[in-house]
Amino acid sequence: MTTLARRLGAFDATMIVMGGIIGSGIFMNPYVVARQVTSAPLILAAWLTGGVIALLGAFVYAELAAIRPEAGGQYAYLRDAYHPAVAFIYGWALLLVVQSGGMAGWRSRSRVTRTSW
């Protein structure tokens with residue numbers, strides 16, 4: 001019996017991130033943009049601009065990860081760039097505000113979806 005290799009390459013990681021982005025936002029956000037921007041070319045330009053900004057952000061994180069490969073991600077970058085207290089506050093804010101807001105939004109949408117059937 002053969003076993004699968006336990007490794008992810010750059011392509012695998014890219015596809016995981018793209019799947020998360022597309023899966024979480026593409027069905028909820030286009031109508032918000034279309035409501036604010038009335039012409040189709042401007043809607044496309046807004047999405048392309050957002051895509052370029054997201055790609056540049058990904059390049060920044062790729063460079064940071066290449067320069068500082070230790071575990072910790074944003075926490076480690078903030079700790080080394082500013083001060084451990086800044087990273088500590090960021091970690092707690094992420095737990096209590098940023099991530100919990102997303103989870104609450106997901107939870108309220110799932111309730112609406114279940115009850116509407």
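What the table below lists for this structure:
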| item | result |
| --- | --- |
| Filter result (surrounded by fewer than 10 Cβ atoms within 10 Å (Cβ to Cβ), modelled with pLDDT under 75 and in a helix (DSSP H, G or I)) within the stretch 1-36 | G23 |
| A40 being loosely packed, with under 11 Cβ neighbours inside 10 Å and farther than 21 Å from V17 by Cα | yes |
| Every pair of residues 6+ apart whose Cβ atoms lie under 6 Å, when the first sits in the stretch 80-100 and is within 21 Å of R68 (Cα to Cα) while the second is in a helix (DSSP H, G or I) | V86/L78; A87/Y75; A87/L78; A87/R79; Y90/L78; G91/Y75 |
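Okay, residues lined up against (1) modelled with pLDDT under 90; (2) in a loop (DSSP other than H, G, I, E, B); (3) surrounded by 13 or more Cβ atoms within 10 Å (Cβ to Cβ):
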{"position": "G51", "(1), (2), (3)": "yes, no, no"}
{"position": "A62", "(1), (2), (3)": "yes, no, no"}
{"position": "P69", "(1), (2), (3)": "yes, yes, no"}
{"position": "Y75", "(1), (2), (3)": "yes, no, yes"}
{"position": "D80", "(1), (2), (3)": "yes, no, yes"}
{"position": "V86", "(1), (2), (3)": "no, no, yes"}
{"position": "L94", "(1), (2), (3)": "yes, no, yes"}
{"position": "V98", "(1), (2), (3)": "yes, no, no"}
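The values are calculated or read from the model by the stated rules, or taken from the named source; none is laboratory data. A quick note: this is a predicted structure, and the numbers were derived from the prediction, not measured. A quick note on method: Cβ atoms are made from the backbone with ideal geometry, for glycine too, and the neighbour counts reach across all protein chains shown.
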